[in-house]
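The values are calculated or read from the model by the stated rules, or taken from the named source; none is laboratory data. Since we're looking at a predicted model, the values are computed, not measured. Methodologically, a virtual Cβ is constructed for each residue, glycine included, from the backbone with ideal geometry; neighbour enumeration extends over all protein chains shown.
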Amino acid sequence: MVEATYPATPLALPDLGAARQARTAWLLALPAVILMIAFILAPLAAVVFLGFTDFELGYGSFRFVGFENYAELFFDRTFRQSLWNTAIYSAIVAPVSLFLGLGIALLIESEKIGQSFFRTAYFLPVASLLVAMATVWQYLFHPTIGPINAALQLVGLTGPNWLGSSSTVLYSLAIIGIWQSAGFNMVLFLAGLTAIPRDLYAAANVDGAKSGLDRFFLVTWPMLGPTTLFVITISVINAVKVFETVKTLTEGGPNKSSEVLLFTIYQEGFVYLRVGYASAMTVIFLAVLVVMMFIQYRLLDREVHYT
Amino acid sequence: MNPQATFTFGRALRLGLLCLGALMFLAPYVFMLSTAGKGQSEIFTSSLSLIPQHSFFVQNFMKAFTRVNMLGLLFNGVVVCCLILFFQVLIAVPCAYALAKLNFRAARLMMALVMLGLLVPIHATALPLYVAFNNLAVLNSYTALVAPFSISVFGIFLFLQFFRAMPDDLIHAARLDGMSEMGIVARVIVPNAWPAITAFAIFSVVAHWNDLYWPLIVVSNQTYATPPLGLLYFRAAEAGDDYGALMAATLIITLPLVLAFLFAQKRFVEGITMTGLKG
């Protein structure tokens, strides 16, 4: 994990004149600066600007419409559904994959047998192509020929139409999301666990924390604070960015019940080519990301550092 | 107390849980392998038996290779990932060096720009970029697939952290030897930065091999399709219910990265955790 520290100015090197140093620095940084402006700053400004227009690809002219797009968004049922679905999806995937990742990490850490095998097994989904694995999950979830429902049938249960019914589709996608991201969180927690000094556990033992549960709440959990916060942010941001599984498996259906933010933006902007309207959606998407980052920074500020 | 010697109830429970979990996490791979070897009729009748009764591996793989240009897809994936990585390193390393080791006034402003860039995913800049690329008539090309990722603020950020930790004496000595700043970057910094570059390479390749969003936007034919996009075309061509061929295709496309991961696990996990900052 990368810890961010920024000294105000980098160390000046004595053997290079200040003017020459600045010139060289500019020269070295110039390509990056130009590309940052071209591919990040300018498009970002453009997206905010386009959000105030009725620009559509293929039409020559466009009008400045003020906040009309945002007003329309407010009453757009698809967009509201999409925001709601994204919130539900994230509210399931982020916490479950966090605690699953933590649980697996704790189990692996305390068990000496097969550590590397288990780490590999749980991490494998992170390194796999999501579009491909989503296709496999589609087969697993198939209502009639899928192994999951076949297994349920063996014990006398009738499985739901996982991806095909509007009441279960979001949960099915969430299962895939959890499966895909838990291993990533596990690896981050494993790194956090190895950083905890062993003597803290001995000290806790002396203080009367005899059971594993006591030690967990007295030492492990507080010491993992920064890691946990980091995992929360990453998990939520990744969950909000869900797209691949939706595009591959459901196209937002059935009946818009798996319509999520990025998919709606993709549809409006790149399929219906309503660039202005989709830009307004993008601004809201960005606002969500900014708010979450802001919350993380605020919490990090307050976070007590134990080491 | 020696934890290896005692086999308590708690430990058995722990191992049992781990095994059960691992089984659930690996199940999709097992079914992918098994279904890739089954014929249509067997897929429809016995979905729970793992070993195919009649091996259809050859037929399914033949279909996967012929219905779409599978080798072309893999080739595109490799070309795009390599080009992206090449430009990212080429552009981010000198910039990070300047920010870490040289004194110039714009450094703070640039740091702010980098931090802003970290926050902005491709999904946010995709619309204007698409409009621009459309006007420049560069859609459906390697240029369109690679250009927006040629700058990685995340790369700059990662290398910056790494370069700051490098001793100044190293650079000082190189300067006394009369090396130019470019020479220092190429012959002192880069050779010493391999751990960071490897970690970044793994992160970058995993991210771009798997990316669907941007290729989906700028590519509309098979010539320039990357693996994830190609798989979408394959699904459309198969109408999604020839699961045998579909699983064979997924297997082919998933395999390169999974093999790379299995052979260089430690590096992968390091790379991904080190670069865990960006999702």
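One line per residue, one yes/no per condition, for (1) closer than 22 Å to residue A:186 by Cβ; (2) more than 15 Å from the chain's Cα centre (by Cα):
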| site | (1), (2) |
| --- | --- |
| A:209 | no, yes |
| A:216 | yes, yes |
| A:233 | yes, no |
| A:250 | no, yes |
| A:275 | no, yes |
| A:283 | no, yes |
| A:290 | no, no |
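Considering only residues that are of a type in the set (A, V, I, L, M, F, W, C), touching a residue at least 24 places away in the same chain (Cβ under 8 Å) and more than 8 Å from chain B (Cβ to nearest Cβ), which ones fall in segment A:96-114? Write out each step before concluding.
Let us first name the residues in segment A:96-114 that are of a type in the set (A, V, I, L, M, F, W, C), namely A:96, A:98-100, A:102, A:104-108, A:113.
Those left that are additionally touching a residue at least 24 places away in the same chain (Cβ under 8 Å): A:96, A:98, A:100, A:102, A:104-106, A:108.
Matches in segment A:96-114: A:96, A:98, A:100, A:102, A:105, A:106.
Determine if segment B:38-46 includes at least one residue that is surrounded by 16 or more Cβ atoms within 10 Å (Cβ to Cβ), aromatic (Phe, Trp, Tyr) and over 18 Å from residue A:119 (Cα atoms).
The answer is no; no qualifying residue exists.
Return yes when residue A:151 is out of contact with any helix residue (DSSP H, G or I) (no Cβ under 6 Å at 6 or more places or on another chain), outside any loop (DSSP other than H, G, I, E, B) and farther than 19 Å from residue B:12 by Cα and no when it is not. Break it down into steps so the answer makes sense when it comes.
Numbers: out of contact with any helix residue (DSSP H, G or I) (no Cβ under 6 Å at 6 or more places or on another chain): yes; outside any loop (DSSP other than H, G, I, E, B): yes; farther than 19 Å from residue B:12 by Cα: yes.
Taking the combined requirement at face value, the residue satisfies it.
For segment B:253-267, indicate whether the set of residues that are without any contact (Cβ under 8 Å) to a residue 40 or more places away in the chain, surrounded by 14 or more Cβ atoms within 10 Å (Cβ to Cβ) and more than 16 Å from the chain's Cα centre (by Cα) is non-empty.
no
Looking at segment A:222-246, I want the residues that are over 14 Å from residue A:87 (Cα atoms) and more than 8 Å from chain B (Cβ to nearest Cβ) and have a partner that is surrounded by fewer than 22 Cβ atoms within 10 Å (Cβ to Cβ) and of a type in the set (Lys, Arg) with Cβ atoms under 7 Å, at least 6 apart or on another chain. Which pairs are those?
From residues that are over 14 Å from residue A:87 (Cα atoms) and more than 8 Å from chain B (Cβ to nearest Cβ), there are no pairs.
Regarding residue A:243, is this residue under 21 Å from the mean Cα position of the chain (by Cα), surrounded by fewer than 24 Cβ atoms within 10 Å (Cβ to Cβ) and closer than 29 Å to residue B:246 by Cβ? Break it down stepwise before answering.
Values: under 21 Å from the mean Cα position of the chain (by Cα): yes; surrounded by fewer than 24 Cβ atoms within 10 Å (Cβ to Cβ): yes; closer than 29 Å to residue B:246 by Cβ: yes.
For residue A:243, the condition - under 21 Å from the mean Cα position of the chain (by Cα), surrounded by fewer than 24 Cβ atoms within 10 Å (Cβ to Cβ) and closer than 29 Å to residue B:246 by Cβ - is met.
Any residue that is under 17 Å from the mean Cα position of the chain (by Cα) and either over 30 Å from residue B:232 (Cα atoms) or surrounded by 22 or more Cβ atoms within 10 Å (Cβ to Cβ) (or both) - is there at least one of those in segment A:102-110?
At the first step, the residues of segment A:102-110 found to be under 17 Å from the mean Cα position of the chain (by Cα) are A:102.
Right, trim to either over 30 Å from residue B:232 (Cα atoms) or surrounded by 22 or more Cβ atoms within 10 Å (Cβ to Cβ) (or both) and you get A:102.
Within segment A:102-110 (the criterion being under 17 Å from the mean Cα position of the chain (by Cα) and either over 30 Å from residue B:232 (Cα atoms) or surrounded by 22 or more Cβ atoms within 10 Å (Cβ to Cβ) (or both)), the answer is yes, since at least one residue qualifies.
Any idea which of B:36, B:64, B:107, B:96 is within 30 Å of residue B:184 (Cα to Cα), of a type in the set (Gly, Ala, Ser) and touching a residue at least 24 places away in the same chain (Cβ under 8 Å)? Show your work before the answer.
On the way: B:36 fails: within 30 Å of residue B:184 (Cα to Cα); B:64 fails: within 30 Å of residue B:184 (Cα to Cα); B:107 fails: touching a residue at least 24 places away in the same chain (Cβ under 8 Å).
Result: B:96 is the single residue among B:36, B:64, B:107, B:96 that is within 30 Å of residue B:184 (Cα to Cα), of a type in the set (Gly, Ala, Ser) and touching a residue at least 24 places away in the same chain (Cβ under 8 Å).
Inspect all residues belonging to segment A:136-146 and state whether any of them is farther than 23 Å from residue B:250 by Cα and either modelled with pLDDT of 85 or more or among the aromatic types (Phe, Trp, Tyr) (or both).
Residues of segment A:136-146 that are farther than 23 Å from residue B:250 by Cα, as a first pass: none.
No, the conditions are met nowhere in segment A:136-146.
Testing residue A:237 on (1) modelled with pLDDT of 90 or more; (2) β-branched (Val, Ile, Thr); (3) part of a helix (DSSP H, G or I), one condition comes back false. Which one is that?
(1)
Identify the residue in segment A:115-163 that is more than 7 Å from chain B (Cβ to nearest Cβ), among the small types (Gly, Ala, Ser) and under 29 Å from the mean Cα position of the chain (by Cα) and, among all such residues, is farthest from residue B:17 (Cα to Cα).
In this case the residue turns out to be A:134.
For segment B:114-144, give me the residue count where each residue is aliphatic (A, V, I, L, M) and crowded, with 19+ Cβ neighbours inside 10 Å. Steps first, please.
So in segment B:114-144, the residues aliphatic (A, V, I, L, M) come out as B:114-116, B:118-120, B:122, B:124, B:126-127, B:129, B:131-132, B:136-139, B:144.
With crowded, with 19+ Cβ neighbours inside 10 Å added as a condition, the list becomes B:114, B:120, B:124, B:126-127, B:129, B:131, B:144.
Residues that pass the stated criteria total 8.
Can you pull out every residue in segment A:263-275 that is more than 9 Å from every other protein chain (Cβ to nearest Cβ) and either farther than 22 Å from residue A:245 by Cα or not in a helix (DSSP H, G or I) (or both)?
Of the residues in segment A:263-275, the ones more than 9 Å from every other protein chain (Cβ to nearest Cβ) are A:263-264, A:267-268, A:271-274.
Matches in segment A:263-275: A:272, A:273, A:274.
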